[in-house]
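Down below is the structure, laid out as C-alpha cells.
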Amino acid sequence: MVMKFSELAPRERHNFVYFLLFFFFYYFIMSAYFPFFPVWLADVNHLTKTETGIVFSSISLFAIIFQPVFGLMSDK
C-alpha cells in the first residue's frame, strides 16, 4: 500500500520535507565536490593516479563493509 503525501499527518509531512531537503542537499554537495576530489588529491596532496585510485576504492570498500553493519544496528 502506497501512502499519499496528502494522507500524512502534519508532523509526518514536516518530517518528510526535512528528510527530502537533507538528502537533496547531501547529494547536491556530493555531486558538486566529487568530480574535483581526484584533482584536489593530485594537486594539493601530490598523490599519484594509483594512490588516488586506492583512495576511491577504499571509499567503496568501506561502504560495502559498513552499510550492512549500520543497517543491523539501526534495525535494533
Report summary line: Once phi for every residue in the range 41-50 is put through the Karplus expression 6.51 cos²θ - 1.76 cosθ + 1.60 (θ = phi - 60°), the whole-Hz ³J(HN,Hα) values, with Gly and Pro written as x, are 4, 6, 7, 7, 9, 6, 8, 6, 5, 5
**Report entry** Dipole of the chain [Lys/Arg +1, Asp/Glu -1 at C-beta], most positive-end residue of LEU47, PRO10, GLN67
**Finding:** PRO10
Report task. Show the residues, 5+ positions off or on another chain, whose built amide H is closer than 5 Å to the amide H of LEU47. Result -> ALA42
Report summary line: For the range 23-31, in residue order, the Karplus 3J(HN,Hα) values (coefficients 6.51, -1.76, 1.60; θ = phi - 60°; whole Hz; Gly and Pro = x) are 5, 4, 5, 4, 6, 5, 5, 4, 6
Report task. Work through the residues other than PHE19 whose Cβ is under 14 Å from its Cβ and net out their charges, Lys, Arg +1 and Asp, Glu -1. Result -> +1
Report task. Could you size up the charge dipole of the chain around its Cα centre, putting +1 on the beta carbon of Lys and Arg and -1 on that of Asp and Glu, and report it in debye to the nearest 20? Result -> 200 debye
Query raised in the report: Is it possible to state the helix-based mean residue ellipticity at 222 nm for the chain, with each DSSP H run of 4+ residues giving -39500 (n - 2.57), the sum divided by total residues, to the nearest 500 deg cm²/dmol? What is it?
Result: -26000 deg cm²/dmol
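Rule-based calculations on the coordinates, nothing more; no lab input. Quick caveat: nothing in here was measured; it's all calculated off a predicted structure. Counting neighbours? That spans all protein chains shown, and the Cβs are built from the backbone with ideal geometry, glycine included.
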